[in-house]
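These notes are about the structure you will find just below.
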Amino acid sequence: MFLSAQKLFPRLASVLLSLVLLTGCWEKDDPVPEDKDIFGSYVLQYIELPQEGGGVTRVEGQNIRLNLTNISTYQQANEPFAYDLNGDMLVNQYFGRYTIIGAPVVPTDDPQDQVLEVRQVGSTKVGGTPEQMQLENLYLNALEEVNLSRLSNNGNQLVLHSRYQNARLFFVSPEYCSLPR
């Protein structure tokens, strides 16, 4: 009727191990899955601007920050659902809205590619040095013309493709950036 300790211990250990594994699946912070949402905070590494001769000019990001939220604070009835975005530049803060339209019409090699539309971008108007203002203007102009996003490196790098001068904006997650917050 009663199980001996030698038979009971392996069964009890097996049941406990199963419970730990099952609860661990719900509470465990697994690595970012392949289909990570675009929502989150990013730091601009650099902006790439293609040149006529085939080269590329790289403009350093200088700690510009981008926050893509998964909330919408204002929605007009006649527009597609749009999320809020905001961030800090060298001198000013900015804000706006973005819409995830879906997958590109022409399929790409990366299933993480999404058609993204940014609109209604505004910013504070604090003045800075001419170099700071030039970088902020380049960034805002490129951000307003974004039409494609690509997540890579397990969701830790975001590349935004812009129609403005065919610029590409390269961002990383803040935890991969050595710049101060």
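The values are calculated or read from the model by the stated rules, or taken from the named source; none is laboratory data. None of these values were measured; they are calculated from a predicted model.
Taking region 114-149, which residues are among the acidic types (Asp, Glu) and over 11 Å from Met89 (Cα atoms)? Break it down into steps so the answer makes sense when it comes.
First, pick out the residues of region 114-149 that are among the acidic types (Asp, Glu): 117, 131, 136, 144-145.
Of everything in region 114-149, those that are among the acidic types (Asp, Glu) and over 11 Å from Met89 (Cα atoms) turn out to be Glu117, Glu131, Glu144, Glu145.
May I ask you to list the residues in region 22-77 that are among the hydroxyl-bearing types (Ser, Thr, Tyr) and at pLDDT 90 or above? First the steps, then the outcome.
So the first thing to find is which residues in region 22-77 are among the hydroxyl-bearing types (Ser, Thr, Tyr), and the list is 23, 41-42, 46, 57, 69, 72-74.
Those that are among the hydroxyl-bearing types (Ser, Thr, Tyr) and at pLDDT 90 or above: Ser41, Tyr42, Tyr46, Thr57, Thr69.
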